[in-house]
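The values are calculated or read from the model by the stated rules, or taken from the named source; none is laboratory data. Bear in mind the structure is a predicted one, so any value in this text is a computation, not a measurement. Note that we place each Cβ from the backbone using ideal geometry, even for glycine, and neighbour counts take in every protein chain shown.
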Amino acid sequence: MSSVWSSPNPLLFGRGKAGETGNELRKLGCKKALVVFDRGVESAGIAGRVIAVIEAAGVSVVAFNEVQADPPDWSVEAAGALGAAEGVDCVVGVGGGSSIDTAKAAKLLITNPPPLKQYYGRDGVVTKPSVPLIVIPTTAGTGSECTPGGVITDTERGIKTNIAGVGCSVTLGIVDPELTYGLPKAVTASTGMDALCHCIESYTSARANPFSGVAGREGIDLVAKYLVRACEDGSDAQAREGMMLASSLGGIAMSGALCHLSHDIGRSLGAKFHVPHGNGCAACLPQVLWAVAPVKTAQVRYFAESFGETLAPDDPADEVGLAAYRAARELMARIGLPNMKALGLDRAQLLSAVPDEVVMQCEMAARAGFVTSPVPVSRELIADIVSRAYDEN
């Protein structure tokens, strides 16, 4: 058996762990930190709390609070330029996926000269080691505290692409469920579905392996148990902790196995139509599960049964796919996740842009040796998935 898996960086996991950030920086010998966050994290008071514990440990702070959604290359280059100009010796990313990806790119650019586009790709990209990076997620979805790269919007080509390698690697992830207590229901739902998509896509990926299977299954179980609870009561400490664990497991599961069709479509919706990442990835999940059920029947069955569907041992793949489709749609309805119509998307515009974009990205990935979809990808398949999702979800 041949498996590909990337062991994640160390994690500190638990309530109140964000309070140890300053001490962890001191252990790393750091004296001046670039702290990266967005205006939402700042207005929620989280950035200030983290900065306070960093400064209390005797580490000075340079703040970058201009993180953009689906971080564009120009924005992350500005963060890297600030860090380089200020002579920082570490980076701390605080927030959701956009903040953490910006922090990863900023770290890379402190020792690897711009422009960032030199470093796009997953394999074969050579970067110099850089300063320590601590990431502190404030949402339960991205899993970026456990992944070796980030996602950046290439504004020249209008697509989302990857950075990876030692230049942007995470030194330490600090996962503190208390930072998610104040998240609105809509953000909890969106980011929670991102975590679920990481788990189920890595579990059903063409690159799936025993490691992604263990982490993916446990993550699916945790989302099934806690996502609705977290959406209904944001102060439910057990549910928040369970979702943060699911998010980290999703990051671990996709390290090596990677994601496929739901994320491929979600990236296109984000780059072309500025749909929030979790909403975009979940937009077609029911239809994707049905589409991959013929070749990943046992894995899709696991998902369906985890979310309450009852199946007989001899049920055919199509029935398994239909059960998973029902389960995913019911979950999306229970947490109030908006569908593509509610997001204001136009069916004709989607069909003119998304299928070609997904096929192009899959072809580029295949040329680099990264085939992740368990079924052959074609424009017709993606158009059918998107069209059905628009009409049905």
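Answer with yes or no whether GLY219 is buried (at least 21 other Cβ atoms within 10 Å of the Cβ), under 17 Å from the mean Cα position of the chain (by Cα), within 29 Å of GLU20 (Cβ to Cβ) and free of Cβ contacts under 8 Å to residues at least 40 places away in the same chain. The answer is yes for GLY219. Checking GLY87 against (1) touching a strand residue (DSSP E or B) at 6+ places or on another chain (Cβ under 9 Å); (2) modelled with pLDDT of 95 or more; (3) on the phi < 0 side of the Ramachandran plot: exactly one of these is not met. Which one? So GLY87 meets the others, but not (3).
Inside region 275-309, can you point out the residues that are small (Gly, Ala, Ser) and either out of contact with any helix residue (DSSP H, G or I) (no Cβ under 9 Å at 6 or more places or on another chain) or at negative phi (or both)?
GLY278, GLY280, ALA282, ALA283, ALA291, ALA293, ALA298, ALA304, SER306
Among the residues of region 241-260 satisfying the criterion of being more than 12 Å from the chain's Cα centre (by Cα) and surrounded by fewer than 24 Cβ atoms within 10 Å (Cβ to Cβ), which is modelled with the lowest pLDDT? Filtering region 241-260 for residues that are more than 12 Å from the chain's Cα centre (by Cα) and surrounded by fewer than 24 Cβ atoms within 10 Å (Cβ to Cβ), the one modelled with the lowest pLDDT comes out as GLY256. Of the helices (runs of 4 or more DSSP H) entirely within region 45-148, those holding at least 3 residues that are surrounded by 24 or more Cβ atoms within 10 Å (Cβ to Cβ) and either outside the structural domain of LYS17 (by TED's automatic domain parsing) or among the small types (Gly, Ala, Ser) (or both) occupy 73-86, 97-111.
Of everything in region 23-44 that is within 25 Å of VAL166 (Cβ to Cβ) and within 26 Å of the chain's Cα centre (by Cα), the residue that is surrounded by the most Cβ atoms within 10 Å (Cβ to Cβ) is VAL36.
Which ones in region 194-214 are farther than 21 Å from PRO294 by Cβ, in contact with a Ser or Thr (Cβ under 9 Å, 6 or more places away or on another chain) and buried (at least 24 other Cβ atoms within 10 Å of the Cβ)? Matches in region 194-214: ASP194, ALA195, HIS198.
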